[in-house]
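Engineer: Okay, handing you the structure first.
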Amino acid sequence: MYRGWMGKISPKHPRAESLRIRERLVEGFEKGIVVPEGLAAHGRGEAFDYFMGEETTEQARKAAEVAVAMLLLAKRPAISVNGNVAALVPDEVVRLADSVGAKLEVNLFYGSAAREIKIAEHLRRHGAKEVFGTNRKFSTKIDEIHSDRRKVDKRGIAAADVVLVPLEDGDRTEALKKLGKKVVTIDLNPMSRTARAADVTIVDNVVRALPIMAGIAKKLSRWDRAKLRKTTGGFDSTKNLKAMTELMSRRLRKISR
Ligand code: ATP
Ligand code: MG
C-alpha cells in the first residue's frame with residue numbers, strides 16, 4: 001500500500017500547506033473516498049490558487065458572506081458533498097450545514113454505491129446526524145445531466161431552493177439553474193462554466209472557504225431576515241468574477257516582470 005509522505009513534510013518547505021492538502025486527498029484516495037480523477041481536478045484548482053497567492057481575497061470573503069446569507073434565507077437549503085470535499089473539509093462542511101440548517105447530500109460525478117456509503121459514513125464520523133444521497137428509495141433523476149450526478153435525493157437537492165455545490169461540474173450547475181434553484185459554488189477557476197452559471201461564486205480554495213463560511217454562519221444565524229436580505233441584495237456575480245480574473249492577471253503580470 002502506498003504510504004505517502006504524511007508527517008515527512010517539513011513545515012519550512014515553501015509549499016508545505018499545499019503539500020499537506022495533497023496528502024489529505026491521497027489519504028482520502030486510500031480510504032476509497034476520492035477517485036484518481038478527483039486528484040486531477042484538484043490540480044486544476046491548485047494552478048488557479050497559485051495565481052491568487054493562495055490567499056482568500058476580500059472579494060471571496062464578501063461572496064462567502066452573501067452565500068451564507070442566501071443559505072440562511074432559503075426555505076430548504078442543501079449542500080452537495082463529493083469525495084474531494086469530504087476528504088478536505090469534513091468538519092467544516094458538517095458545521096456549516098448545522099449552522100444554516102441545510103441538508104447534506106452525497107453527490108458524485110463518478111458515482112458508485114460503495115463510495116457514496118463511505119463518504120456518508122465519513123461525514124457521520126465527523127458529526128453529521130443525517131446524510132442523504134445513499135438511499136435508493138428516495139432517489140430521483142435530473143434528466144438534463146449526463147453524468148452520475150443526475151441522481152439526487154428527493155429530500156435533499158431535489159427539494160432544495162438554494163444549493164451549495166462546492167467543486168461542481170458545469171453541466172450540473174446549468175441543470176440546477178434550469179430547475180429554478182439558486183446555486184452557490186466554491187471554485188478556484190473564475191472562468192469555469194460552474195463559476196459563470198452560479199448565482200454566487202466564491203473564488204477560493206475549499207480548504208479556506210469552508211471554515212470561513214462556517215464562521216460567518218455562526219454570526220449571521222443571529223441576524224434577522226431583513227438584514228440578511230440587505231446582505232444578498234447588491235451582489236453582482238459578473239462583477240465579482242471580473243474582479244477575480246483582473247486580480248489574477250495583475251498577479252501574473254507582476255510574476256512575469
Ligand atoms: P466546469 O465543468 O465548471 O467548466 P471544469 O470542467 O474545468 O469546470 P471540473 O473538473 O468539472 O472542472 O470541476 C472541478 C473544478 O473545481 C475546477 O474548476 C477546479 O478549478 C475546481 N477546484 C478543484 N479543487 C479545488 C479546491 N480545492 N478548491 C476550490 N476549487 C477547486
Ligand atoms: Mg467540468
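The values are calculated or read from the model by the stated rules, or taken from the named source; none is laboratory data. The structure presented is a predicted model; accordingly, all values stated were derived computationally and were not measured. All Cβ positions, glycine included, derive from the backbone under ideal geometry; neighbour counts span all protein chains shown. SASA here: full protein model, heavy atoms, side chains in, ligands and nucleic acids out. Shrake-Rupley method; radii C 1.70, N 1.55, O 1.52, S 1.80 Å.
Engineer: Can you tell me which residues in segment 204-257 are of a type in the set (Ser, Thr, Tyr) and in contact (Cβ under 8 Å) with a residue 60 or more places away in the chain?
Structural biologist: Matches in segment 204-257: SER221, THR231, THR232.
Engineer: Please list, ordered by first then second residue, the pairs with beta carbon atoms under 8 Å, 6 or more apart or interchain, first in segment 117-133 and of a type in the set (D, E, K, R), second surrounded by fewer than 20 Cβ atoms within 10 Å (Cβ to Cβ) and at pLDDT 95 or above.
Structural biologist: Close Cβ pairs satisfying both conditions: LYS118/LYS31; LYS118/GLY32.
Engineer: Of the residues that sit in segment 133-182 and are among the aliphatic types (A, V, I, L, M) and over 22 Å from LEU96 (Cβ atoms), which one is farthest from ligand 1 (Cβ to nearest atom)?
Structural biologist: LEU179
Engineer: For the subset of segment 167-190 comprising residues that are within 12 Å of ligand 2 (Cβ to nearest atom) and in a loop (DSSP other than H, G, I, E, B), which member is most open to solvent (accessible area, probe 1.4 Å)?
Structural biologist: Out of the qualifying residues, it is LEU167.
Engineer: Specify the residue that is farthest from ALA78 (Cα to Cα); the eligible residues are those in segment 129-143 that are in a loop (DSSP other than H, G, I, E, B) and open to solvent by 80 Å² or more (accessible area, probe 1.4 Å).
Structural biologist: Result: ASP143.
Engineer: Quick check: anything in segment 205-216 in a helix (DSSP H, G or I) and under 21 Å from HIS146 (Cβ atoms)?
Structural biologist: no
Engineer: Next question, about the same structure. Tell me which residues, restricted to segment 173-191, are at pLDDT 95 or above and within 20 Å of VAL89 (Cβ to Cβ).
Structural biologist: Within segment 173-191, VAL183, VAL184, THR185, ILE186, ASP187, LEU188, ASN189 meet the criteria.
Engineer: Just for segment 150-166: of the residues that are under 14 Å from PHE109 (Cα atoms) and open to solvent by 10 Å² or more (accessible area, probe 1.4 Å), which one is farthest from ligand 2 (Cβ to nearest atom)?
Structural biologist: Among those that are under 14 Å from PHE109 (Cα atoms) and open to solvent by 10 Å² or more (accessible area, probe 1.4 Å), it is LYS151.
Engineer: Report yes if THR194 is under 15 Å from the mean Cα position of the chain (by Cα), at pLDDT below 95, near ligand 1 (Cβ under 8 Å from one of its atoms) and assigned to a helix (DSSP H, G or I), otherwise no.
Structural biologist: No; evaluated as a whole, the condition is false for this residue.
Engineer: Go through segment 200-257 residue by residue and tally those that are surrounded by 14 or more Cβ atoms within 10 Å (Cβ to Cβ), of a type in the set (S, T, N, Q) and closer than 22 Å to LEU176 by Cα.
Structural biologist: The total comes to 4.
Engineer: Say we look at segment 95-113 and pick out the residues that are more than 16 Å from ligand 1 (Cβ to nearest atom) and at pLDDT below 95; which of these is most open to solvent (accessible area, probe 1.4 Å)?
Structural biologist: Once the filter is applied, the top-ranked residue is ALA113.
Engineer: Would you point out which residue out of ALA40, ALA47, ALA74 is surrounded by 18 or more Cβ atoms within 10 Å (Cβ to Cβ) and among the small types (Gly, Ala, Ser)?
Structural biologist: ALA74
Engineer: Check GLU92, GLU116, GLU54 and return the single one that is open to solvent by less than 50 Å² (accessible area, probe 1.4 Å), within 17 Å of ARG208 (Cβ to Cβ) and of a type in the set (Asp, Glu).
Structural biologist: GLU92
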